[in-house]
Structure formats: C-alpha cells, structure tokens
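The values are calculated or read from the model by the stated rules, or taken from the named source; none is laboratory data. Not measured: the values here are computed from a predicted model. Glycine also receives a Cβ, built like all others from the backbone with ideal geometry; neighbour counts cover every protein chain displayed.
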Amino acid sequence: DEKIYYLGKLMDVAPVYCLIDILVLPSFREGFPNVLLEAAAMGVPVVASKISGTIDAIKEGFNGELFSKGSAEELAATLEKLILNKSELIRLGQNGRKFAEENFSPLKIWQGQLEIYESILLKSRTMSKRSFGTVKI
C-alpha cells in the first residue's frame, strides 16, 4: 500500500510525527510505551489497545481513544470516527500535548524521582532508630 511505509530503526523520530495524523498502537501487552508520550508531545492524537501501560498515558476521549485489545472492529470504528472528524483529531492532539507537558516534562519526572528518594530516606531513618532488642541463640 502506498500509504504505509516501513522506515526501519530511526534515531530521530520527531520529523515522522510531523507527517502522521494518528498514532495507532494495537498491542496485547505493554509496559509504559514511550511512543504514546512522544506522539502526545508532538500533538499527534493516539489510538491504542485498552491495556495496562496505555491506560496510564491515554485519558480516553481527552488525549486519545482506547479500544478493547484484539478487537479489529472497535479499532476500525474508532479510526473511522476520527478520520471523519478533523476537529476532534485536532482537539485530541492539543490535549495530548498539554497532558504530556503537564505530566511528563523533565522537571516533573525529576520531581517525582526526588519524592521517591526522599520517601526511601525517611523510611530508612525511621527503621534505623528502631530497637530490635537482643537475640539469644
């Protein structure tokens, strides 16, 4: 098909996101797919399987759409709905960019990491103050 291209491994994906209208991730299992955040950051609306990982990156109807994993019918219906509604595609893309900026900026990520480390340090200080008594053997 002249509308589908296999580009192989790319080191810089940003130019590709400028060329696509919708990012589709039909998957059965994912961790936390960076591709969804990359697309969102570029203002590209996303459609993905409703599975763990994707449901953390996509707020259905706000910055993308989800469909039941393995359901080609739902995927096709979702894509048709979006392809026929350009204003909805634009809205989802704009919301995706906003969502990525607010939740996944480098500063936000580092703040989250800092909170985790502070929590661990606080717990380790609390545990080191505990007295476990003597152990008799």
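From Ser68, Ser124, which residue is more than 25 Å from Ala14 (Cα to Cα) and in contact with a helix residue (DSSP H, G or I) (Cβ under 6 Å, 6 or more places away or on another chain)?
On the way: Ser124 fails: in contact with a helix residue (DSSP H, G or I) (Cβ under 6 Å, 6 or more places away or on another chain).
None of the others qualify; the one that does is Ser68.
Search the stretch 81-137 for residues being surrounded by 10 or more Cβ atoms within 10 Å (Cβ to Cβ) and outside any helix (DSSP H, G or I), and hand back the single one that is modelled with the lowest pLDDT.
Only one residue fits best here, namely Ser105.
Please enumerate the residues belonging to the stretch 46-60 that are of a type in the set (Gly, Ala, Ser), in contact with a helix residue (DSSP H, G or I) (Cβ under 8 Å, 6 or more places away or on another chain) and farther than 13 Å from Pro26 by Cβ.
Ala57
So which residues in the stretch 51-69 are in contact (Cβ under 8 Å) with a residue 24 or more places away in the chain, farther than 16 Å from Arg97 by Cα and of a type in the set (A, V, I, L, M)?
Ile51
Only one of these is within 10 Å of the chain's Cα centre (by Cα), surrounded by 14 or more Cβ atoms within 10 Å (Cβ to Cβ) and not in a loop (DSSP other than H, G, I, E, B): Leu37, Leu66. Name it. Step through it out loud before you land on a result.
Working: Leu66 fails: within 10 Å of the chain's Cα centre (by Cα).
Answer to the check: Leu37.
Residue by residue through the stretch 21-38, note down the ones that are in contact with a helix residue (DSSP H, G or I) (Cβ under 8 Å, 6 or more places away or on another chain) and of a type outside the set (S, T, N, Q).
Those that are in contact with a helix residue (DSSP H, G or I) (Cβ under 8 Å, 6 or more places away or on another chain) and of a type outside the set (S, T, N, Q): Asp21, Ile22, Leu23, Val24, Leu25, Pro26, Glu30, Phe32, Pro33, Leu36, Leu37, Glu38.
Just to verify a result, which residue in the stretch 40-53, among those that are of a type in the set (A, V, I, L, M, F, W, C) and not in a helix (DSSP H, G or I), is farthest from Val16 (Cα to Cα)?
Ile51
If the requirement is being surrounded by 11 or more Cβ atoms within 10 Å (Cβ to Cβ), assigned to a loop (DSSP other than H, G, I, E, B) and not hydroxyl-bearing (Ser, Thr, Tyr), which of these qualifies: Asp12, Asp56, Asp21?
Working: Asp12 fails: surrounded by 11 or more Cβ atoms within 10 Å (Cβ to Cβ); Asp56 fails: assigned to a loop (DSSP other than H, G, I, E, B).
Exactly one of Asp12, Asp56, Asp21 is surrounded by 11 or more Cβ atoms within 10 Å (Cβ to Cβ), assigned to a loop (DSSP other than H, G, I, E, B) and not hydroxyl-bearing (Ser, Thr, Tyr), namely Asp21.
For Thr78, work out the one condition from (1) polar (S, T, N, Q); (2) outside any loop (DSSP other than H, G, I, E, B); (3) modelled with pLDDT under 90 it doesn't fulfil.
Just one mismatch for Thr78, condition (3).
Being crowded, with 17+ Cβ neighbours inside 10 Å, among the small types (Gly, Ala, Ser) and within 17 Å of the chain's Cα centre (by Cα): is that true of Ser27 here? Reasoning before the result, please.
Working: crowded, with 17+ Cβ neighbours inside 10 Å: no; among the small types (Gly, Ala, Ser): yes; within 17 Å of the chain's Cα centre (by Cα): yes.
It is false that Ser27 is crowded, with 17+ Cβ neighbours inside 10 Å, among the small types (Gly, Ala, Ser) and within 17 Å of the chain's Cα centre (by Cα).
Considering only residues that are farther than 18 Å from Leu82 by Cα and not small (Gly, Ala, Ser), which ones fall in the stretch 45-70? Walk me through how you get there before you give the answer.
Kept after step one, since they are farther than 18 Å from Leu82 by Cα, are these residues of the stretch 45-70: 51-57, 69-70.
Residues satisfying the conditions are Ile51, Thr54, Ile55, Asp56, Lys69.
Within the stretch 67-121, can you find the residues that are closer than 15 Å to Ala41 by Cα and among the charged types (D, E, K, R)?
Correct list: Arg91, Arg97, Lys98, Glu101, Glu102, Lys108.
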